[in-house]
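FYI, it's all coordinate maths here, none of it is from the lab. On a predicted model such as this, the values are computed, not experimentally measured, just so you know. Note that each Cβ is placed from the backbone with ideal geometry, even for glycine, and that neighbours are counted across all protein chains shown.
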Amino acid sequence: MESTTMRATTAGRARRRPKTFGEGRICDFDICETRLSRYNRNEYCFQHAPARFPRMRGEFTEEYLANNS
């Protein structure tokens, strides 16, 4: 009798190392002394980073246009 089997391998290591941006960096905000992670590419900590908004696609509703024009 023939048996159906499945073979698998472990996920293993990632193919490349994560990017690092230097150790011992401090937030660039004037009075902030927060140490940044070496994996944080920004020059500011989370509290002082400028707000970013995602790109929104689509159309405005008629109600929005009526209230904001």
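Compute the semi-axes of the equivalent ellipsoid of the chain, taking the square root of 5 times each eigenvalue of the Cα gyration tensor, and list them largest first in whole Å.
Details: eigenvalues 355, 223, 13 Å².
Whole-Å semi-axes of the equivalent ellipsoid: 42, 33, 8.
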Dipole of the chain [Lys/Arg +1, Asp/Glu -1 at C-beta], most positive-end residue of Ser3, Tyr39, Tyr64: Ser3
Contact order normalised by residue count of the chain, Cα under 8 Å, 6+ apart, percent: 20 percent
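Give, in nm to one decimal, the length gained when the segment between Arg41 and Phe21 is fully stretched (0.36 nm per residue of separation minus the Cα-Cα distance).
Numbers: separation 20, 0.36 × 20 = 7.20 nm, distance 0.60 nm.
Extra length available between Arg41 and Phe21 comes to 6.6 nm.
When you count, for each residue, the other Cβ atoms within 10 Å and take the mean per peptide, how do 37-49, 57-69, 17-29 rank with the highest first?
Values: 37-49: 13.3, 57-69: 7.8, 17-29: 11.2.
Ranking, from highest mean packing down: 37-49, 17-29, 57-69.
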Table column - 3J(HN,Hα) (Hz), the stretch 27-41, Karplus curve with 6.51, -1.76, 1.60, x for Gly and Pro: 3, 7, 5, 3, 9, 8, 10, 5, 7, 8, 5, 5, 8, 8, 7
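Could you work out how much longer the chain between Ala49 and Asp28 gets when fully extended? Use 0.36 nm per residue separation minus the Cα distance between them, nm to one decimal.
On the way: separation 21, 0.36 × 21 = 7.56 nm, distance 0.95 nm.
My answer for the length gained is 6.6 nm.
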Long-range HN-HN contacts of Leu36 with modeled amide H, under 5 Å: Arg25, Ile26, Cys27
